[in-house]
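Asks: So that we are looking at the same thing, I have put the structure below in structure tokens.
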Amino acid sequence: NPKFIAISLINIVVAANAGGAFSPFGDITTLMVWQRGLVDFFDFFYLFTPSLVSWLIPALFMSFAIPKKKPKATKEVARIKFGGKVVTCMFGGTIALTVALHQTLHVPPFLGMMTGLGCLKTYGYFIRRYELRHKRQLTPEERKHPFDIFLSLKRVEWDTLMFFYGVMLCVGGIGALGYLATLSEALYGGIGTTGTHVLVGFLSAIIDNIPVMFAVLNMEQNHSLGQWLLVTLTAGIGGSMLSIGSAAGVALMGQARGVYTFFTHLKWTWAITIGYLVGVGTHI
């Protein structure tokens with residue numbers, strides 16, 4: 001049912017961005033703020049309620065538009081691959097290690113996550129060796145393509161990473177030339193801190209939240225905890241207003257071509273914007 005799928009995918013994008021806004025690990029923007037030491041780890045959870053509100057309101061509107069039908073149930077037996085449970089535990093352990101090292105020894109968060117990645121790649125070698133030794137126990141697809149952690153890493157979207165690198169390089173150049181300071185003075189001096197941070201959300205929908213947050217951090221403003229949380233919230237949930245405003249939307253446009261499109265998402269921008277404004281109001 002294309003209509004059901006399209007609305008569901010829009011809801012997933014909104015939920016993904018709202019969920020990422022209240023956790024240091026939820027989004028690159030929250031991670032950037034946490035890594036700068038501007039907000040403590042547990043302070044991010046103050047954003048849970050406004051994030052929840054910003055998702056629930058558009059989800060409520062969308063629920064009235066989906067067809068009142070139920071799909072047929074399917075029976076499928078899922079099997080966890082060898083090492084799957086250990087990898088899941090390593091994921092939780094990486095987060096715990098990163099938080100513990102940062103809180104106790106003030107180690108930058110990226111080092112904790114890189115340590116977890118190193119452990120995963122080491123364990124991935126043993127998973128591959130196991131599958132090569134026990135080929136009879138594998139499915140035909142697994143025999144044809146045994147587990148390879150390096151192959152998984154190769155599939156990372158390097159084009160997207162290069163895009164963000166280029167944007168950050170441009171923002172750094174603008175800052176070095178002094179234009180960023182001029183923009184900061186015009187915005188914060190003209191419409192105020194709260195107004196600027198609300199505007200950040202709308203800019204995130206057009207440009208993407210990562211370069212916008214990078215620019216805000218490079219403006220070197222001394223904000224209160226409430227204002228840093230506000231700009232983290234707006235940069236995170238603001239990207240949901242357009243499909244091109246977040247990595248979740250861009251990824252889904254690539255995966256669900258023809259079903260989830262820019263204009264499909266645009267039809268619900270009004271509902272997402274209402275959720276955004278109510279979420280911001282809830283935080284304030």
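Asks: Pull out the extension gain between VAL87 and ASN1, defined as 0.36 nm times the separation in residues minus the alpha carbon to alpha carbon distance; nm, one decimal. Intermediate values should be presented prior to the final figure.
Replies: Details: separation 86, 0.36 × 86 = 30.96 nm, distance 3.47 nm.
Gain on extension, VAL87 to ASN1, equals 27.5 nm.
Asks: Expressed as an acute angle from 0 to 90° and rounded to the nearest 10, what is the orientation of the C-alpha long axis of helix 192-207 relative to the principal long axis of the chain?
Replies: 40
Asks: Now a separate question. Could you work out which residue, out of ILE237, ILE206, ILE80, moves most in a Gaussian network model of the chain, that is, has the largest mean-square fluctuation with Cα springs under 10 Å?
Replies: For the chain, modelled as a Gaussian network with Cα springs under 10 Å, the answer is ILE80.
Asks: Once R0 is set to 25 Å, what does the formula 1/(1 + (r/R0)^6) return for the Cβ-Cβ distance between THR122 and PHE42, expressed as a FRET efficiency to the nearest 0.05? Walk me through the intermediate numbers first.
Replies: Working: r = 31 Å, r/R0 = 1.24.
It comes to 0.20.
Asks: Name the residue farthest towards the positive end of the dipole of segment 45-101 from the options LEU60, LEU101, CYS89, assuming +1 on Cβ of Lys and Arg, -1 on Cβ of Asp and Glu, about the Cα centre.
Replies: With unit charges placed on the Cβ atoms, the residue in question is LEU60.
Asks: Rounding to the nearest 20 debye, state how big the charge dipole of the chain is about its Cα centre with +1 on each Lys and Arg Cβ and -1 on each Asp and Glu Cβ.
Replies: Values: 22 positive and 13 negative charges, 395 e Å.
I would put it at about 1900 debye.
Asks: What is the distance, in nm, between label points placed 7 Å from the Cα along the Cα-to-Cβ direction at ILE191 and at THR104?
Replies: If labels sit at ILE191 and THR104, their model points lie 4.5 nm apart.
Asks: Could you state the per residue volume, in Å³, of the convex hull enclosing the Cα atoms of segment 7-77? Write down the numbers at each step before the final one.
Replies: Numbers: hull volume 8.7 nm³, N = 71.
Looking at segment 7-77, the number lands at 122 Å³ per residue.
Asks: Could I ask something else about it? Can you compute the label reach from LYS154? Point 7 Å from Cα along the Cβ direction, backbone N cut-off under 20 Å, restricted to segment 93-124.
Replies: 118, 120-124
Asks: Restricting to DSSP H runs of at least four residues, report the calculated mean residue ellipticity at 222 nm for the chain, -39500 (n - 2.57) per run over all residues, nearest 500 deg cm²/dmol.
Replies: -22500 deg cm²/dmol
Asks: Using a basic spin-label model with each label point 7 Å from the Cα along Cα→Cβ, how many nm lie between LYS68 and LYS135?
Replies: 5.7
Asks: Additional query: Could you look at segment 183-262 and say what percent of its accessible area is carbon and sulfur, using a 1.4 Å probe and all protein chains? Don't jump to the answer; show the numbers that get you there.
Replies: Working: 1900 of 3080 Å².
Percent of accessible area from carbon and sulfur atoms in segment 183-262: 62.
Asks: Just list whichever of LYS81/LYS144; LYS81/LYS121; LYS85/LYS144; LYS85/LYS121; LYS69/LYS267 have alpha carbons separated by over 20 Å in the model shown.
Replies: Details: LYS81/LYS144 15 Å; LYS81/LYS121 16 Å; LYS85/LYS144 23 Å; LYS85/LYS121 15 Å; LYS69/LYS267 22 Å.
Pairs exceeding 20 Å: LYS85/LYS144; LYS69/LYS267.
Asks: Using a 1.4 Å probe on the protein heavy atoms, what percent of the accessible area of segment 1-135 belongs to carbon and sulfur? Spell out each step's value before the answer.
Replies: Details: 5820 of 8430 Å².
Carbon with sulfur: 69 percent of the solvent-accessible area.
Asks: Once a ≥ b ≥ c are taken as the square roots of the eigenvalues of the Cα gyration tensor of segment 56-117, is the result rounded (a/c under 1.5), prolate (a/b larger than b/c) or oblate (a/b not larger than b/c)? Before the final figure, lay out the partial values.
Replies: Working: a/c = 5.56, a/b = 1.69, b/c = 3.29.
Oblate, because a/c is 1.5 or more while a/b does not exceed b/c.
Asks: Rounded to the nearest whole Å³, what is the per residue volume of the convex hull around the Cα atoms of segment 188-284?
Replies: Working: hull volume 8.7 nm³, N = 97.
Residue-normalised Cα hull volume stands at 90 Å³.
Asks: I need two numbers for segment 244-284: Rg to one decimal and Dmax as a whole number, Cα atoms only, in Å.
Replies: Computed over the Cα atoms of segment 244-284, radius of gyration and Dmax are 12.5, 39 Å.
Asks: Taking the highest mean first, how do the peptides 104-116, 10-22 order by number of other beta carbon atoms within 10 angstrom per residue? Can you show the working numbers first?
Replies: Values: 104-116: 14.0, 10-22: 24.2.
For the peptides 104-116, 10-22, the packing ranking is 10-22, 104-116.
Asks: Which listed residue (VAL167, ILE7, PRO140) has the Cα farthest towards the positive end of the charge dipole for the chain, taking +1 on Lys and Arg C-beta and -1 on Asp and Glu C-beta about the Cα centre?
Replies: Of the candidates, PRO140 comes out farthest on the positive side.
Asks: ARG79 to MET219: extension gain in nm, 0.36 nm per residue of separation minus the Cα-Cα distance?
Replies: Details: separation 140, 0.36 × 140 = 50.40 nm, distance 5.01 nm.
So the extension gain works out to 45.4 nm.
Asks: While we're looking at this one, here's another question. With every protein chain present, what is the per residue accessible area of the chain (1.4 Å probe, Å²)?
Replies: Details: 16450 Å² over 284 residues.
Counting only protein heavy atoms, the per-residue value for the chain is 58 Å².
Asks: Separate question: Students often get this wrong: which residues of segment 216-242 have the backbone nitrogen under 11 Å from the point 7 angstrom along Cα-to-C-beta of LEU56?
Replies: Answer for segment 216-242: none.
Asks: In Å³ and rounded to a whole number, note down the convex hull volume per residue for the Cα atoms of the chain. It would help to have the intermediate numbers written out before the result.
Replies: Working: hull volume 45.0 nm³, N = 284.
Each residue corresponds to 158 Å³ of Cα convex hull volume.
Asks: Translational diffusion coefficient, Stokes-Einstein: compute it for segment 1-144 using the Kirkwood radius over C-alpha pairs as Rh, at 37 °C and 0.692 mPa s, and state it as an integer in µm² s⁻¹.
Replies: Numbers: Rh = 18.9 Å.
For the chosen part, D equals 173 µm²/s.
The values are calculated or read from the model by the stated rules, or taken from the named source; none is laboratory data. Note that the coordinates shown come from a computational prediction; the quantities given were computed from them, not determined experimentally. Glycine gets a Cβ as well: all are built from the backbone with ideal geometry, and neighbour counts include every protein chain shown. What goes into the accessible areas is simple: the full protein's heavy atoms, side chains included, and nothing from ligands, DNA or RNA. Shrake-Rupley method; radii C 1.70, N 1.55, O 1.52, S 1.80 Å.
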